[in-house]
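The structure appears below as structure tokens.
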Amino acid sequence: MARHITLFLAVITGLLSACSEKSNPVVAVKEGNWDGCVVGMFTSEGEARFPGNGERGIQAFETLIGKQAGSVMWYPTWDDAFPAEACEIVRKRGGIPHITWELFRPSINDWNTRPVSSPSETGLDDVLAGLYDPYIDAFAGSVKQWGGKVLIRFLHEFNGNWYIWGGAKNGGANGGPQKVAAVWKYVVDRFRNAGAVNAKWVWCPHGPSIDLSKEAWNDIADYWPGSDYVDWFGLDAYNWYPRDPWGNNRPFDDFDSCFKELYAECAALGDQPMMIAEFATGEFTRGSMNKPAWVREAFTKLKTDYPRIKIFTWFHIKKELDWRVNSSEASLQAFRGAVADPYYIGNP
């Protein structure tokens, strides 16, 4: 009798457990599932450097713009281990770490935009051949061990002609986009096999530029690895007007000419949330338009016309041009005023 009672109780317990699981299913939270647009930051300037100055760098940038940063982006390379300490600094502040993981090794050749004489010099062939498997697996293992959500923007701006991991330098019309997509899938698969499901993958083409091939082979759809392999769309674009530091005249690009077409092209590929992973303008004057006016218009349009963009990151650095939010006092005040809108949020 005791044995029958024990079996009966076991059956009842199992049924109750099954009912509980059905009534309380585990539901994955959709990426970007918040109202408004998160203020992201990238900066390597002065006190606001990150990760160089650690938490102090984040605080300095937040003080500069008068708003909390809800996502922080920086650029590890394939010489670097997973930056768990820096990611933890961001996570403890309620933000989302965003690493742009650049597939080159500066210890061997520190020029990630160098010309190449064969695709194998870029590293893509070596990845597909398994030569980087120990590094990829160690990186993925560290991501899993750390445990928090981290955005990984991999092979970014792959449709440009500048980076050594892009389609233009990996075969171009002869299979360049397909090779980039194959490397993307290869790396994501290794992360998943390692259990690093807390890595969220940001697929990031570049918008209009005189440095993009307009030929049909460079259509971003040809780089698409499939929705199962992408968690976020990233969008990059800049207003270089009137000229770049190499003496080339550059067209004027307002926010729409930077992003409207790219936004639509990405939307046609999948329903993932979007972010502006990099954007900025230098100082300029063009009739009644200047950098402060460009900034105000950009953030108005971002709020009203681009609802799927859930994070933005301004490229705050004096590099090719003075892209910084404080390249002038007027530009800084325009930026501070724009992000003061409650639509732009810190901790998501």
Burial-style ranking of 296-305, 321-330, average other-beta-carbon count within 10 Å with highest first, yields 321-330, 296-305
The range 220-237 versus the range 299-348: alpha-carbon centroid distance in Å: 23
Using a Gaussian network model of the chain with C-alpha springs under 10 Å, which one of 147, 52, 247 is most mobile by mean-square fluctuation? 247
Who wins for biggest fluctuation among 241, 135, 223 in a Gaussian network model of the chain, springs between alpha carbons below 10 Å? 135
Here the FRET efficiency for residue 47 versus residue 341, based on Cβ atoms and R0 = 22 Å and rounded to 0.05, is 0.30
Treating only the Cβ of Lys, Arg, Asp and Glu as charged (+1, +1, -1, -1), what charge dipole size does the range 34-345 show about its Cα centre? Round to the nearest 20 debye. 620
Quick one: 3J(HN,Hα) in Hz for the range 320-330, Karplus 6.51/-1.76/1.60 with θ = phi - 60°, rounded, Gly and Pro as x. 4, 10, 8, 7, 4, 5, 10, 5, 8, 5, 5
Run the numbers on the chain and let me know its relative contact order in percent, using alpha-carbon pairs under 8 Å that are six or more apart. 20
Would you mind checking the tilt of helix 291-305 against the longest principal axis of the Cα atoms of the chain, expressed as 0 to 90 degrees and rounded to 10? 30
XL table 30/144; 149/169; 214/301; 92/185; 291/319; Cα-Cα > 22 Å flagged, in table order, is 149/169; 214/301; 92/185
How large is ³J(HN,Hα), in whole Hz, for each residue of the range 146-154 in order, when computed from phi with the Karplus curve 6.51 cos²θ - 1.76 cosθ + 1.60 and θ = phi - 60°, using x for Gly and Pro? 4, x, x, 6, 9, 7, 10, 9, 10
Would you please put 201-211, 185-195 in order of how densely packed they are, using the mean number of other Cβ atoms within 10 angstrom per residue and starting with the highest? 201-211, 185-195
Amide H neighbours of residue 200 under 5 Å, at least 5 residues apart or on other chains, H built in the peptide plane: list them. 150, 151, 152
Please list, in order along the range 63-75, the HN-Hα scalar couplings obtained from phi with the Karplus expression 6.51 cos²θ - 1.76 cosθ + 1.60 (θ = phi - 60°), rounded to whole Hz, x for Gly and Pro. 5, 4, 9, x, 8, 6, 8, x, 8, 10, 10, 8, 10
Output the antiparallel fraction of DSSP beta bridges having both residues in the chain, as a percent to the nearest 5. 10
Read-out percent of Cα pairs over 24 Å apart, candidates (i) 59; (ii) 50; (iii) 54; calculated match is (i)
With the charge dipole of the chain built from beta-carbon charges (+1 for Lys and Arg, -1 for Asp and Glu) about the Cα centre, the Cα from 54, 287, 317 projecting farthest to the positive end belongs to 54
Can you list the residues, at least 5 places off or on another chain, whose amide H is less than 5 Å from the amide H of residue 240, using H built in the peptide plane? 253
Along the charge dipole of the range 107-168, Cβ charges K/R +1 and D/E -1, which of 162, 129, 108 sits furthest on the positive end? 162
Name the residue farthest towards the positive end of the dipole of the range 169-305 from the options 270, 183, 245, assuming +1 on Cβ of Lys and Arg, -1 on Cβ of Asp and Glu, about the Cα centre. 245
Can you give me the long-range amide H partners of residue 72? Hydrogens built in the peptide plane at 1.01 Å from N, cutoff under 5 Å, separation of 5 or more residues or another chain. 41, 96, 98
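Any read-out appearing in this document is the output of simple, stated calculations on the displayed coordinates, not a laboratory observation. Computed from a predicted model, the values in this text were never measured in an experiment. Note: ideal-geometry Cβ built from the backbone for every residue, glycine included; neighbour counts use all protein chains shown.
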